[in-house]
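The values are calculated or read from the model by the stated rules, or taken from the named source; none is laboratory data. Since the model is a prediction, treat every value here as computed from it, not as a measurement. A quick note on method: Cβ atoms are made from the backbone with ideal geometry, for glycine too, and the neighbour counts reach across all protein chains shown. Please note that ligands, DNA and RNA were not included when accessible areas were found on the heavy atoms of the full protein model with its side chains. Shrake-Rupley method; radii C 1.70, N 1.55, O 1.52, S 1.80 Å.
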Amino acid sequence: MVDQEFLADVLEGLGRHPKQLQSKYFYDERGSQLFDRIARLPEYYLTRTEQAIMEAHIEEIAEQIGPGVMLIEFGSGSSTKTRILLDHLEAPVAYVPLDISAAHLLKTVDMLKGAYPEIEILPLVADFTKHFELPDSKKTRSHAAVYFPGSTIGNFTPEEVQHTFVRIADVLGPQGGLLIGIDLQKTPAVIEAAYNDSQGVTAEFNLNLLHRVNRDLDANFDVEQFRHKAVYEETLARVEIFVVSVCDQRVTIADRHFKFAANEHVLTEYSHK
């Protein structure tokens, strides 16, 4: 069965000028696996830097979050950094890993349940930018806290950031808390290297989005005729990531035809710093 929301978003995005595909669709099972590889690359400083900050300040962070919390992680992925939190929180009631990739999420949850039998693990397959209902925990929570690491907030435009923070506030209520990771501006060469790694994993991750459109929406992208491009726009303090058509070509999706000119850029992601 075709995901009608995915189809509508792809058709709308490719109908724009310039064309665009939403970055949230990177994360099918293959995309999630590739991102796990990206996080371990030597050029990708974000994961190891954030993990080092977590490890250095975990006692203070855990104290600020407080006892009896329901911890909710937006875009949980493999929940690697979350384990640092779960190891130090005082009597957490539940952990809600929220991710758009169901297969990857459920594999991670199986491992977490074995590692943390005393914490109720309540996975939620959802798009955190849209309305969702928190699951009920068996124990009564004192409050809820959202963990939003990885500088994922940088993928949004300023208007989308405002909307996301409103959604977080709605989910948490007046006694809630937010622990968020935000990447800082730094030397452009360092930033660009993180999104153009020497092993080509980021390129594979980016182009996997076209493979997903082919598979899930019965499209006919010739993925070999597109390349990955990531550039840091210093004036806007953001990385802009594209798939670029290497020739004049046409792609069909759901009886819609889209022309791509040679060197036409299709935006797939922002990463604001």
Exercise. Output yes when any residue across region 116-133 is assigned to a helix (DSSP H, G or I), among the hydroxyl-bearing types (Ser, Thr, Tyr) and either modelled with pLDDT under 95 or surrounded by 17 or more Cβ atoms within 10 Å (Cβ to Cβ) (or both), and no when none is.
Key: no
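Take the residues in region 1-38 that are assigned to a helix (DSSP H, G or I) and touching a strand residue (DSSP E or B) at 6+ places or on another chain (Cβ under 7 Å); name whichever of them is surrounded by the fewest Cβ atoms within 10 Å (Cβ to Cβ). Write out each step before concluding.
Within region 1-38, the subset assigned to a helix (DSSP H, G or I) is 4-14, 23-26, 29-38.
Within this subset, residues satisfying the condition of being touching a strand residue (DSSP E or B) at 6+ places or on another chain (Cβ under 7 Å) are 10-11, 13-14, 23.
On the way: 10: 25, 11: 14, 13: 17, 14: 18, 23: 18.
So, considering only residues that are assigned to a helix (DSSP H, G or I) and touching a strand residue (DSSP E or B) at 6+ places or on another chain (Cβ under 7 Å), the one surrounded by the fewest Cβ atoms within 10 Å (Cβ to Cβ) is 11.
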Quiz prompt | Residues that are hydroxyl-bearing (Ser, Thr, Tyr) and open to solvent by 30 Å² or more (accessible area, probe 1.4 Å), drawn from region 138-156 | solution = 140, 142, 152
Quiz item: Being closer than 19 Å to residue 210 by Cα and under 20 Å from the mean Cα position of the chain (by Cα), is that true of even one residue in region 11-20?
Solution: yes
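Being more than 30 Å from residue 136 (Cβ to Cβ), touching a Phe, Trp or Tyr at 6+ places or on another chain (Cβ under 7 Å), among the hydrophobic types (A, V, I, L, M, F, W, C) and in contact (Cβ under 8 Å) with a residue 12 or more places away in the chain is true for just one of 237, 219, 193, 230. Which residue is that?
Selected residue: 230, the only one of 237, 219, 193, 230 that is more than 30 Å from residue 136 (Cβ to Cβ), touching a Phe, Trp or Tyr at 6+ places or on another chain (Cβ under 7 Å), among the hydrophobic types (A, V, I, L, M, F, W, C) and in contact (Cβ under 8 Å) with a residue 12 or more places away in the chain.
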Quiz item: Does region 59-79 contain any residue that is under 22 Å from residue 24 (Cα atoms), touching a Lys or Arg at 6+ places or on another chain (Cβ under 7 Å) and of a type in the set (Asp, Glu)?
Solution: no
Quiz prompt | Residue in region 112-130 that is farthest from residue 76 (Cα to Cα), counting only those that are charged (D, E, K, R) and free of Cβ contacts under 8 Å to residues at least 60 places away in the same chain | solution = 118
Self-check item: Scope region 74-109; condition in a strand (DSSP E or B) and either of a type in the set (Lys, Arg) or open to solvent by 20 Å² or more (accessible area, probe 1.4 Å) (or both); matching residues
Solution: none
Quiz item: Of the residues 204, 192, 233, which is at pLDDT 95 or above, within 18 Å of the chain's Cα centre (by Cα) and surrounded by fewer than 18 Cβ atoms within 10 Å (Cβ to Cβ)?
Solution: 204
Quiz item: Within region 59-73, how many residues are open to solvent by 20 Å² or more (accessible area, probe 1.4 Å) and not in a helix (DSSP H, G or I)?
Solution: 1
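Only residues that are in contact with a Ser or Thr (Cβ under 9 Å, 6 or more places away or on another chain) and aliphatic (A, V, I, L, M): list them for region 101-123, please.
Those that are in contact with a Ser or Thr (Cβ under 9 Å, 6 or more places away or on another chain) and aliphatic (A, V, I, L, M): 103, 105, 109, 111, 112, 122.
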Practice problem: Among residues belonging to region 173-190 that are of a type outside the set (Val, Ile, Thr) and free of Cβ contacts under 8 Å to residues at least 60 places away in the same chain, point out the one that is nearest to residue 43 (Cα to Cα). | Solution: 189
Exercise. Considering only region 164-186, state which residues are loosely packed, with under 15 Cβ neighbours inside 10 Å and over 28 Å from residue 142 (Cβ atoms).
Key: 184, 185, 186
Quiz prompt | Which numbered condition residue 53 fails, given (1) over 23 Å from residue 122 (Cα atoms); (2) touching a helix residue (DSSP H, G or I) at 6+ places or on another chain (Cβ under 7 Å) | solution = (2)
